[in-house]
Amino acid sequence: KAGVTQTPRYLIKTRGQQVTLSCSPISGHRSVSWYQQTPGQGLQFLFEYFSETQRNKGNFPGRFSGRQFSNSRSEMNVSTLELGDSALYLCASSLGDRGPGTEAFFGQGTRLTVV
Amino acid sequence: QKEVEQDPGPLSVPEGAIVSLNCTYSNSAFQYFMWYRQYSRKGPELLMYTYSSGNKEDGRFTAQVDKSSKYISLFIRDSQPSDSATYLCAMISAYSGAGSYQLTFGKGTKLSVIP
C-alpha cells in the first residue's frame, strides 16, 4: 500500500512570494491534516480537511490556507511568505471517521526555505 | 508556559541501556497520549497510544501515564542503535466523537544509542 506522498520535497522561495504544497493521502483515507515543524516551536497543527471540508483549524494567520479535492488529495497555500515560514511542512492522512487511537500516517514533508 | 513540555536533549546512551523519555503537560483536558518516533528526514510514525493512566507495553517499549501528576513517560529497554531518532510526545484533548481531533506535540527529544 502506497504511503503518504508530499510534493515537492524541497522548495526555496523569496519573501513576499506565495507557495503551494501538495499531499496525496493513503488510498481510502479521507482526512488530511497539515502541520508545521520548526526547531523553535516544534510540530504545530495548521488545519484538517475531511471530505473536502475544513473540519479543524489551528492558530495560524489567514496567509495559511488549504483545500481538499474529491480524490482526498490536499494542497496548502502560504501567501506573502515571511522568513519565519521556513519550516518542514508535514501532512498526515487518516480514515477520519474513527477515534484518536486510529493511526495518522505522516508523509516525509516538504522543506520550505524562505530567503 | 507551553501546554506540553519535553526536554529536547540530546540524550546519548550506550547500546543495551534503558532509556527514559518524559513529557509534562499543563492542560488537564488532555485525554489521549501518544509517542511518535521521527527519523532524520522522515515524517513521524506512531509508536504507542494510551488513553488511561497506567502502563502499556509493546515489545521493548513501555508507555506510562500519570494524569494526577500530568506526566507521561516512554521507556525503551535494551536500546539499539536503530532506536536513534527524535521521540515526540503528543496529546489530544476531549474528543467529540466525530472523527476530528488535533494533536498537540512536545518539541521532541533527540536520542542517540551508541554501539
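Things to note:
- Strands (runs of 3 or more DSSP E) contained entirely in the range A:7-115, each with at least 1 residues that are within 24 Å of B:S40 (Cβ to Cβ): A:10-13, A:19-24, A:31-38, A:42-50, A:74-78, A:87-94, A:110-114
- Unique match (being within 14 Å of chain B (Cβ to nearest Cβ), in contact with a Ser or Thr (Cβ under 9 Å, 6 or more places away or on another chain), surrounded by fewer than 16 Cβ atoms within 10 Å (Cβ to Cβ) and of a type in the set (S, T, N, Q)) among A:S31, A:S24, A:S51: A:S51
- Only one of the numbered conditions (1) more than 23 Å from A:E82 (Cβ to Cβ); (2) within 11 Å of the chain's Cα centre (by Cα) is violated by A:A2, and that is (2).
- Residues in the range A:47-86 that are polar (S, T, N, Q) and in contact with a Lys or Arg (Cβ under 9 Å, 6 or more places away or on another chain): A:S51, A:Q54, A:Q68, A:S72, A:S74, A:N77, A:S79, A:T80, A:S86.
- Residues of the range B:37-68 that turn out to be closer than 19 Å to A:L88 by Cα and more than 8 Å from chain A (Cβ to nearest Cβ), as a count: 4
- Those residues of the range B:30-66 which are among the polar types (S, T, N, Q) and either out of contact with any Asp or Glu (no Cβ under 8 Å at 6 or more places or on another chain) or at pLDDT 95 or above (or both), in sequence order: B:Q31, B:Q38, B:S40, B:T50, B:S52, B:N55, B:T62, B:Q64
The values are calculated or read from the model by the stated rules, or taken from the named source; none is laboratory data. Just so it is clear, the structure is predicted and the values come from calculations on it, not from any experiment. When we count neighbours, we look across all protein chains shown, and the Cβ atoms used for this are built from the backbone with ideal geometry, even at glycine.
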